[in-house]
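One structure below.
The values are calculated or read from the model by the stated rules, or taken from the named source; none is laboratory data. Quantities reported herein were computed from a predicted structural model and do not represent experimental measurements. Backbone-built Cβ (ideal geometry, glycine too); neighbour counts: all protein chains shown. Remember, those area values only see protein heavy atoms, side chains included, never the ligands or the DNA or RNA. Shrake-Rupley method; radii C 1.70, N 1.55, O 1.52, S 1.80 Å.
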Amino acid sequence: MSNNNIQIFDTTLRDGEQVPGCKLNSEQKVVIAEQLDLLGVDVIEAGFPVSSPGDFESVNAISKIVKNATVCGLTRAVENDIKVAAESLQYAKRPRIHTGIGTSDLHILHKFKSNRDAIIERAFDAVKYAKSFVEDVEFYAEDAGRTENEYLARVCEAAIKAGATVLNIPDTTGYCLPSEYGAKIKYLKENVKGIEKAILSCHCHNDLGLATANSIEGVINGARQIECTINGIGERAGNTALEEVVMVLKQHPYLNLDTNVNTSMLYGMSQLVSDSMGIYTQPNKAIVGSNAFAHSSGIHQDGVIKNRETYEIINPVDVGVTESAIVLTARSGRAALAYRAKNVGYELTKLQLDDVYANFLRFADQKKEINDSDIHQIIETSKVYQQIISA
Ligand code: KIV
Ligand code: ZN
């Protein structure tokens, strides 16, 4: 792995599956894990094995079929969680245990009714115990986004001392600003003793719509792993969207940060997760929404027909979408109508187009979107129709 390679840790099957009503069965999880492996993600968080026998089974089944990615199981800083996770991961080629504990004062005082020193001890013991089963142990400091940096650095030092290979810095509540989250990662890079023995990981939630920006700021400041989900699904407002961070890094090569993801599979992956979970993807969702490459206003359509790059920064083919769409609505112009008419077999002269366009606007004012069969009807009911067919 080069120092500029960002590891993509997919948690669709764990944090993503925490969305109410989106439970997947073990077969569906295996199908998604197989596709994630082909997509080229580096780590698949397959579940939280101690949480239910079903989750244990899924992690176990995924461990058997994944060929390239590391397979990871989540635990609390609890011995039995860790033992059960190790058992469920026993067939994985590259197993990872992901253990951790809340580190913000809110979590320490209210969830654990404990104190800072005792939490450091629990973090150390959990990592040490996980290391007795697997070499690759990731430690998460839950609510790191609201944890004071100096204390967070002490927790990270303890985790590294116990053998952690990855330090996950979750903005669990999606609270941080990008500048704040980036500064936190930089602070840890510069102040944690032994930090060269581990990589820092960004795990951001989207409560303020900042998950992607925060993750990118994290890697700019030295993190080398991003935790994310397909379509950004996850609890509340969701997690960082995998397709977004991967495409941000691809579209900004001067950042000199890359991933191993085969981006041409992103759209198919999005559809698979959306269909399996029964969660509809919002049309304006970046990269994979149905409108992400659709143009409906006359000015934009004219530009895109002349040169796609006038209004698109991503080639749709790069993310697995066959082509940009020119959508006909009452806001569309003559260029778009001529383009779509040509696609269904009519080559219109300028004069013919003027007449057909007037007819088109009458139709379009009555209908949200004009489809191919409407185009035939619009042309066949226009005054110049005889001229067009004899042309
Ligand atoms: O958001 C979070 O803090 C988490 C951890 C359990 C990793 O999902
Ligand atoms: Zn999370």
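Quick notes on this one:
- Filtered residue count, the range 1-21, keeping only those that are under 24 Å from Met247 (Cβ atoms) and either under 18 Å from the mean Cα position of the chain (by Cα) or within 16 Å of ligand 2 (Cβ to nearest atom) (or both): 14
- Any hit, the range 31-45, residues being closer than 18 Å to Asn239 by Cβ, modelled with pLDDT under 95 and within 16 Å of ligand 2 (Cβ to nearest atom): no
- Against the numbered list (1) open to solvent by less than 10 Å² (accessible area, probe 1.4 Å); (2) within 16 Å of ligand 2 (Cβ to nearest atom), Tyr175 comes up short only at (1).
- Residues in the range 211-243 that are over 13 Å from Asp10 (Cα atoms) and in a helix (DSSP H, G or I): Ala211, Thr212, Ala213, Asn214, Ser215, Ile216, Glu217, Gly218, Val219, Ile220.
- Any hit, the range 249-261, residues being assigned by TED's automatic domain parsing to the domain that holds Ala33, among the charged types (D, E, K, R) and either assigned to a helix (DSSP H, G or I) or open to solvent by less than 40 Å² (accessible area, probe 1.4 Å) (or both): yes
- Condition met for Glu323 (open to solvent by less than 40 Å² (accessible area, probe 1.4 Å) and either out of contact with any Pro (no Cβ under 8 Å at 6 or more places or on another chain) or outside any strand (DSSP E or B) (or both)): no
- All positions within the range 211-222 that are within 14 Å of ligand 1 (Cβ to nearest atom) and among the hydrophobic types (A, V, I, L, M, F, W, C): Ala211
- The condition of being part of a helix (DSSP H, G or I), open to solvent by less than 30 Å² (accessible area, probe 1.4 Å) and farther than 30 Å from Lys250 by Cβ holds for only one of Leu337, Leu361, Leu351, that being Leu337.
- Members of the range 232-244 that are more than 15 Å from ligand 2 (Cβ to nearest atom) and open to solvent by less than 30 Å² (accessible area, probe 1.4 Å): Glu243
- Filtering the range 91-115 to residues that are among the β-branched types (Val, Ile, Thr) and open to solvent by 20 Å² or more (accessible area, probe 1.4 Å) leaves nothing.
- Qualifying positions in the range 209-230 - open to solvent by 10 Å² or more (accessible area, probe 1.4 Å) and either within 15 Å of ligand 2 (Cβ to nearest atom) or in contact with a Cys (Cβ under 7 Å, 6 or more places away or on another chain) (or both): Leu210, Thr212
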